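Chemist: Pasting in a structure now, in structure tokens, and then I'll have a few things to ask.
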Amino acid sequence: MSYMQVMLDFITCKFPFWGTCNFQFEPETKTIFIKCLNSEGRAKILADASRISALDINVEQFIIKVPQYSDIIISHIR
């Protein structure tokens with residue numbers, strides 16, 4: 001199992017509403033891009049932003065993209 005698979009399993013277990021989103025990891029910047037197709041999860045993501053930012057999984061930032069909304073950028077807090 002690859003690092004990305006383990007990380008995605010962990011994330012989707014902690015935050016099940018992301019299970020229907022598409023993920024892309026950019027190792028150079030340690031960024032995960034998450035593209036959600038509907039806006040329903042957007043409020044849940046914003047509500048969990050502090051928990052997401054505290055994840056210690058070697059990711060510097062999450063960029064969440066939802067059609068017709070501004071991107072959400074959540075940076076890792078050390």
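Read-outs: derived from the displayed coordinates by stated rules, not from any lab. All figures in this text were calculated on a predicted structure; none of them were measured in a lab. All Cβ positions, glycine included, derive from the backbone under ideal geometry; neighbour counts span all protein chains shown.
Chemist: If you add up the charges near Glu60, with Lys and Arg at +1 and Asp and Glu at -1, over every other residue whose beta carbon is less than 12 angstrom from its beta carbon, what do you get?
Modeler: For residues surrounding Glu60, the net value is -1.
Chemist: Which order do the peptides 30-36, 4-10 come out in when sorted by mean C-beta neighbours inside 10 angstrom, highest first?
Modeler: Numbers: 30-36: 17.7, 4-10: 13.0.
The packing order, highest mean first, is 30-36, 4-10.
Chemist: On to the next question. Within a Cβ distance under 13 Å of Asn38, other residues only, what is the Lys/Arg minus Asp/Glu net charge?
Modeler: Summing Lys and Arg as +1 and Asp and Glu as -1 gives +3.
Chemist: Continuing with the same structure: Which ³J(HN,Hα) values in Hz, rounded to whole numbers, follow from the phi angles of segment 51-60 under the Karplus curve 6.51 cos²θ - 1.76 cosθ + 1.60, where θ = phi - 60° and Gly and Pro get x?
Modeler: 5, 5, 5, 8, 4, 9, 10, 6, 10, 7
Chemist: Less than 19 Å apart at the alpha-carbon level, and either on another chain or at least 8 residues along: which lysines does that give for Lys44?
Modeler: Within reach: Lys14, Lys35, Lys65.
Chemist: Just to verify a number: FRET efficiency for Ser70 and Lys14, C-beta to C-beta distance, R0 = 22 Å, to 0.05? Working shown, then result.
Modeler: Numbers: r = 24 Å, r/R0 = 1.09.
Efficiency for this residue pair is about 0.35.
Chemist: Using only the Cα atoms of the chain, build the gyration tensor, take square roots of its eigenvalues as a ≥ b ≥ c, and label the shape rounded, prolate or oblate: rounded if a/c is under 1.5, else prolate if a/b is larger than b/c, else oblate. Don't jump to the answer; show the numbers that get you there.
Modeler: Values: a/c = 1.44, a/b = 1.30, b/c = 1.10.
Cα axes put the chain in the rounded bin.
Chemist: Test of understanding: in a Gaussian network model of the chain with alpha carbons linked when under 10 Å, which of Thr20, Thr29, Thr12 would top the mean-square fluctuation ranking?
Modeler: Looking only at Thr20, Thr29, Thr12, the biggest GNM fluctuation is shown by Thr29.
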